[in-house]
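Contents: one structure, followed by commentary.
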Amino acid sequence: MAALRFVKVHDYLWEIPKAGGMRVPARIYASERILRELKEDQAPQQAVNVAHLPGIVKYSLAMPDIHWGYGFPIGGVAAFDLEEGVISPGGVGYDINCGVRLLASRLTYEEVAPHLERLVDILFRRVPTGVGAAGALKVSRQELRRVAVEGAHWAVRQGFGSETDLAFIEESGRMEGADPDAVSERAYERGRDQLGTLGSGNHFLEVGYVAQIFDDEAARVLGLFPGQVTVIIHTGSRGFGYQICDDYLAIMDRALAKYHIRLPDRQLACAPLRSPEGQQYLAAMRCGINFAFANRQIIAHNTRKAFAEALGMREEEVGLRTVYEVAHNIAKIEEHTIDGEQRRVCVHRKGATRAFPPGHPQIPAAYRSIGQPVLIPGDMGRYSYVLIGTEQAMQETFGSTCHGAGRQLSRRKAKKVASGRRVADELRAQGIIVRGASLRTINEEIPEAYKDVAEVVEVCHQAGISRKVAQLRPIGCIKG
DNA sequence: ATGTGC
């Protein structure tokens, strides 16, 4: 395969010109250093493959945390015309509505630190983790169909958290247009006992504190202050969303010939947005989105319980308010200005975060003066970031930015690097208490397995597609 | 990511 050509647009943006069957150019947000690494990677080729898809609008975009994924790269953004365009399960990912919630307490690091060990133990007990984790609650299939339509609203009605959480979740925690009949019985069976569970891989629940503030006004509006204890919940739709993705990949693979779609990579299986297959996937994916909203709402509730128990306080004293919750594996129909024209397009964000600007009607009224909060988790040992969306993101990236650190070591390589070490003890020596369902996951998730998220965030900040607000540092973590 | 793998 010929080497890809990267043409510099500016210091943090590179374009792969349209060639061959590409319908649009590909664009990658990266520093010189990140770009050098990407030249050795298959992920930019995946961004080029996406540029071949019918009805793609403007660019196939890649964020600085781009890495290899199923069909589409993780860290990719692509928008499609509603008439001519396609929808693809691989453009959303296996973990539909994998996302991040940030909770902010009323407590400082000094108040929580003496109880940290006990707190992490209690969190580990109240939030099931690991592959196949189950048991936070079990619902009937009929009830799970309601979850699939109502999302976090279902969870609030069942007594998990409160109404006030809902305004601070993307889509208010309930994606419209979900059709429970578009989801297989197998997906319902897998999901029944997985609500309120974390899962495995890079999913985690992290206790941290506000270590640094970059934007005083935005931090004030978000209610963040130095030393404040925070919680990040990073998980998705578990086996329920996985099964939806798997089911529709097979359906769309079979339908490719019917719609005369030719692909550079079969993993890009897709269907016209207007086709029955496309519409059914959209309706099923929205069920997966709602499952994940409910999942994180239940985990947030159990986190509040765990803090109250560990610290011997009332929940109101702990005050774990939802700052915001973002989705980072999702496809949504949104309105964007493209070449001066207002158009509705289907935006696929796979390992990318919505980053809407100040004044946008789809962000909470309380935050409208500053822009949408963007939550960027890092690795277990370093830091995570809070950013805000910008007008420039709206103009350049369909209102999108990065989503995380991105792996730099394969799981196999990470395990090799970690072998013989005591990763949990190393982290404890740095003041971070970690509990995992398996030693294997902790080894695979060592901090060195990830790129420095600060570098990824800096690219987005410098490029102007989001702005830094605060850095959070971890003190406790539970992992699958 | 995933009742991890064909």
Cut-off under 21 Å on the C-alpha distance; same-chain residues fewer than 8 positions from A:Lys138 excluded. Which lysines are left, in chain and number order?
A:Lys305
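Write down Rg/Rh for chain A, rounded to two decimals, with Rg from the C-alpha atoms and Rh from the Kirkwood relation over Cα pairs. Mind dumping the intermediate values first?
Working: Rg = 21.0 Å, Rh = 22.2 Å.
With Rg and the Kirkwood Rh in hand, the quotient comes to 0.95.
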For a 20 Å ceiling on Cα separation, which of these pairs sit above it: A:Lys350/A:Lys415; A:Lys18/A:Lys39; A:Lys413/A:Lys468; A:Lys58/A:Lys350; A:Lys332/A:Lys479; A:Lys39/A:Lys468?
A:Lys350/A:Lys415; A:Lys413/A:Lys468; A:Lys332/A:Lys479; A:Lys39/A:Lys468
Go ahead and collect, in residue order, the members of the range A:1-34 whose backbone nitrogen is under 17 Å from a label point 7 Å along the Cα-Cβ direction of A:Gln408.
A:30-34
Report the Cα-based extents of the range A:169-285 along its three principal axes, largest first, to the nearest Å.
58, 33, 27
Across 10 Å bins from the origin, how do the percents of Cα pairs in the range A:68-177 run, short distances first?
10, 26, 35, 22, 6, 1
Computed ³J(HN,Hα) along the range A:224-240: with the Karplus parameters 6.51/-1.76/1.60, θ = phi - 60°, integer Hz and x for glycine or proline, the list is 9, 9, x, x, 5, 7, 10, 9, 10, 10, 10, 7, x, 9, 6, x, 4
Multiply the residue gap between A:Arg5 and A:Glu37 by 0.36 nm, knock off their C-alpha separation, and tell me the result in nm, one decimal place.
10.1 nm
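Efficiency by 1/(1 + (r/R0)^6): what FRET value for A:Glu110 and A:Glu217, r their Cβ-Cβ distance, R0 = 35 Å, to the nearest 0.05? Please list the in-between numbers first.
Working: r = 26 Å, r/R0 = 0.74.
Rounded to the nearest 0.05, the efficiency is 0.85.
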For A:Leu166, A:Leu472, what ranking results if the residue with the fewest other Cβ atoms within 10 Å of its Cβ goes first?
A:Leu166, A:Leu472
Given charges of +1 on the Cβ of Lys and Arg and -1 on the Cβ of Asp and Glu, with all other atoms neutral, how large is the dipole of chain A about its Cα centre, in debye to the nearest 20?
1100 debye
Find the centroid of the Cα atoms in the range A:325-377 and in the range A:69-123, then give the distance between the two in whole Å.
15 Å
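Pick out, in residue order, every one of the GluC sites (Glu not before Pro) in the range A:303-360 that is DSSP loop and has at most 15 other C-beta atoms within 10 Å; say none if there are none.
On the way: sites: A:Glu309, A:Glu315, A:Glu316, A:Glu317, A:Glu325, A:Glu334, A:Glu335, A:Glu341; in loops: none.
Sites meeting the loop and neighbour criteria: none at all.
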Find which of A:Leu195, A:Thr230, A:Ala218 sits farthest along the positive direction of the dipole of the range A:148-266, computed with +1 on the beta-carbon of Lys and Arg, -1 on that of Asp and Glu, about the Cα centre.
A:Leu195
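Which of rounded, prolate or oblate describes the range A:113-240 when judged by the alpha-carbon gyration tensor and an a/c cut-off of 1.5? Write down the numbers at each step before the final one.
On the way: a/c = 2.45, a/b = 1.51, b/c = 1.62.
Judged from the Cα gyration tensor, the range A:113-240 comes out oblate (a/c at least 1.5, b/c at or above a/b).
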Using square roots of five times the C-alpha gyration tensor eigenvalues, list the equivalent-ellipsoid semi-axes of the range A:440-480 in whole Å, biggest first.
26, 13, 7
Provide A:Ser466, A:Ser237 in ascending order of the number of other Cβ atoms located within 10 Å of each residue's Cβ, fewest first.
A:Ser466, A:Ser237
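For the range A:327-423, what is the relative contact order in percent, using Cα pairs closer than 8 Å and at least 6 residues apart in sequence?
24 percent
Place a +1 charge on the Cβ of each Lys and Arg in the range A:410-480 and a -1 charge on the Cβ of each Asp and Glu, then give the dipole magnitude about the Cα centre in debye, rounded to the nearest 20. Can you show the working numbers first?
Values: 15 positive and 8 negative charges, 65 e Å.
Roughly 320 debye for the range A:410-480.
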Counting only C-alpha contacts under 8 Å and six or more residues apart, can you give the relative contact order of chain A as a whole percent?
22 percent
What does the charge count around A:Arg192 come to, taking other residues whose C-beta lies under 13 Å from its C-beta (Lys +1, Arg +1, Asp -1, Glu -1)?
+3
Proximal aspartates and glutamates relative to A:Lys8, as straight alpha-carbon distance under 20 Å, when same-chain residues fewer than 8 apart are discounted:
A:Glu32, A:Glu37, A:Glu40, A:Asp41, A:Asp65, A:Glu396, A:Glu455, A:Glu458
To the nearest 20 debye, what is the magnitude of the charge dipole of the range A:247-300 about its Cα centre, counting +1 on the Cβ of each Lys and Arg and -1 on the Cβ of each Asp and Glu?
100 debye
When the gyration tensor of the range A:405-477 is built from Cα positions, what are the square roots of 5 times its three eigenvalues, in whole Å, from largest to smallest?
27, 16, 9
Restricting to Cα pairs under 8 Å and 6 or more apart, the percent relative contact order of the range A:21-154 works out to 17 percent
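Per DSSP H run of at least 4 residues, take -39500 (n - 2.57); add these up for chain A, divide by its residues and hand me the 222 nm value, nearest 500 deg cm²/dmol.
Values: 17 runs with 160 residues, N = 480.
Rounded to the nearest 500, the figure is -9500 deg cm²/dmol.
Tell me which GluC sites (Glu not before Pro) from the range A:90-135 have a DSSP coil assignment and no more than 14 other beta carbons within 10 Å of their own. Each step should come with its number before you reach the end.
On the way: sites: A:Glu110, A:Glu111, A:Glu117; in loops: none.
For GluC sites (Glu not before Pro) across the range A:90-135 that sit outside H, G, I, E and B with at most 14 neighbouring Cβ atoms in 10 Å, the list is empty.
Could you put A:Asp165, A:Asp65, A:Asp339 in order, starting from the residue whose Cβ has the fewest other Cβ atoms within 10 Å?
Values: A:Asp165 25, A:Asp65 30, A:Asp339 7.
By the 10 Å Cβ count, ascending: A:Asp339, A:Asp165, A:Asp65.
Suppose we look only past 26 Å in the calculated P(r) of the range A:1-114. What percent of the Cα-Cα pairs does that tail hold? Can you show the working numbers first?
Working: 1925 of 6441 pairs.
Value for the range A:1-114 (Cα pairs over 26 Å): 30 percent.
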When the charge dipole of chain A is computed with +1 on Lys and Arg Cβ and -1 on Asp and Glu Cβ about the Cα centre, the Cα farthest towards its positive end, among A:Leu311, A:Ser172, A:Phe240, belongs to A:Phe240
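Values quoted throughout were computed directly from the atomic coordinates according to the rules given, and no laboratory measurement underlies them. Just so you know, these numbers come straight off a predicted model, no measurement behind them. Neighbour counts run over all protein chains shown; Cβ positions are idealised from the backbone, glycine included.
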